[in-house]
Amino acid sequence: MSAAGTAAAASSRQYQQQHTSTSVPGIAVPTIQQRNCPGLPHSRLSFIAGGGEDALENFQPATWQQQQLQQLTTDWVQQAAQQLQAANLPHEQFLQGKYGNPPDAEGVQPTLQLNTQPVDSAYYTAAAQRGIVLYEPFGGICAGLEMCLRNGLHITRYVYSDTDPVARAVAAHRVRTLQQQYPQLLPQSALRDSFTALPSDVVAVDNGRLVSLICQHLGTPWLVVAGFPCQDLSAAGPSRGLAAARTQL
């Protein structure tokens with residue numbers, strides 16, 4: 001192995017061994033120190049941009065790091081769920097859903113307050129038995145779809161919305177690739193009309209269209225994964241805040 005490959009392998013070992021843990025009330029949350037993760041993006045970039053034996057040796061430890069990071073984050077989620085259950089937080093710390101009147105023509109009442117209670121275990125039982133309907137508004141590169149597949153969730157229907165034509169083109173390619181990687185979890189039948197079942201613009205996704213789609217999958221749990229626009233909330237953006245048009249989406 002070249003000196004570059006040896007250094008990358010050493011970085012992998014250092015990354016695995018050095019991380020700390022912070023805590024929030026009742027729950028310990030491990031965190032990685034960024035300075036102890038050298039080479040994670042750089043090794044992959046050097047493989048793509050450089051080429052040759054040294055680049056290949058750099059790429060292999062980076063792949064190992066990615067696998068370790070995925071396993072580490074999975075362990076964190078499982079530990080946090082166990083600690084949350086053990087903490088037995090008072091029920092009043094969670095908000096009940098509140099709805100206004102009158103309902104619209106579809107019978108849907110306006111939401112006044114979100115329900116922040118943990119998802120009931122019955123959801124996961126139903127998801128394991130019947131699969132889920134996954135909807136990604138602001139779908140981008142289908143990160144929500146990949147997340148579900150990596151965690152073994154069976155997708156019975158996948159629906160995508162995004163107005164960016166570049167993102168849609170990338171997403172179409174990604175969906176085909178993921179279907180080939182996970183044919184048992186993402187059958188071809190789940191991808192019918194994925195990009196046309198609902199409008200690309202989420203502003204045009206009204207209750208009528210949603211109710212119609214829900215009626216096609218009665219009894220099947222839904223999961224909505226949305227990467228809401230953050231330009232007006234980011235310090236790198238114009239910082240227009242919550243009143244900005246993109247934030248209101």
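The values are calculated or read from the model by the stated rules, or taken from the named source; none is laboratory data. As the structure is a prediction and not an experimental result, all values here were calculated from the model. Glycine also receives a Cβ, built like all others from the backbone with ideal geometry; neighbour counts cover every protein chain displayed. Accessible surface is based on the protein model in full, side chains and every heavy atom, while ligands, DNA and RNA are left aside. Shrake-Rupley method; radii C 1.70, N 1.55, O 1.52, S 1.80 Å.
General observations
- Subset of the range 84-103 (residues that are at pLDDT 80 or above and open to solvent by 60 Å² or more (accessible area, probe 1.4 Å)): Leu95, Gln96, Lys98, Tyr99, Asn101, Pro102, Pro103
- Of all residues in the range 168-194 being in contact with a Phe, Trp or Tyr (Cβ under 9 Å, 6 or more places away or on another chain) and of a type outside the set (Lys, Arg), the one that is surrounded by the fewest Cβ atoms within 10 Å (Cβ to Cβ): Ala172
- Under the condition of being within 15 Å of Gly144 (Cβ to Cβ), part of a helix (DSSP H, G or I) and not β-branched (Val, Ile, Thr), the residues counted in the range 180-202 number 2.
- Counted residues, the range 220-248 - those being crowded, with 16+ Cβ neighbours inside 10 Å, part of a loop (DSSP other than H, G, I, E, B) and either of a type in the set (Asp, Glu) or touching a residue at least 60 places away in the same chain (Cβ under 8 Å) (or both): 5
- Out of Tyr124, Tyr158, one residue alone is open to solvent by less than 30 Å² (accessible area, probe 1.4 Å) and of a type in the set (Phe, Trp, Tyr). It is Tyr158.
- Residues of the range 104-121 that are among the aliphatic types (A, V, I, L, M) and either surrounded by 11 or more Cβ atoms within 10 Å (Cβ to Cβ) or at positive phi (or both): Val108, Val119.
- Flag if Gly144 is open to solvent by 20 Å² or more (accessible area, probe 1.4 Å), among the small types (Gly, Ala, Ser) and either closer than 21 Å to Gln67 by Cα or more than 15 Å from the chain's Cα centre (by Cα) (or both): no
- Figure legend. Inter-residue proximity from the range 180-203: first residues on the phi > 0 side of the Ramachandran plot, second residues aromatic (Phe, Trp, Tyr), beta-carbon distance below 6 Å, spacing 6+ or different chains. No pairs are indicated.
Every residue, every condition in (1) within 22 Å of Ala105 (Cα to Cα); (2) modelled with pLDDT under 90, yes or no:
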site: Gln180; (1), (2): no, no
site: Leu198; (1), (2): yes, no
site: Asp232; (1), (2): no, yes
site: Pro238; (1), (2): no, yes
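- Index of the failed condition, Gly208 passing every other in (1) in a helix (DSSP H, G or I); (2) without any contact (Cβ under 8 Å) to a residue 60 or more places away in the chain: (2)
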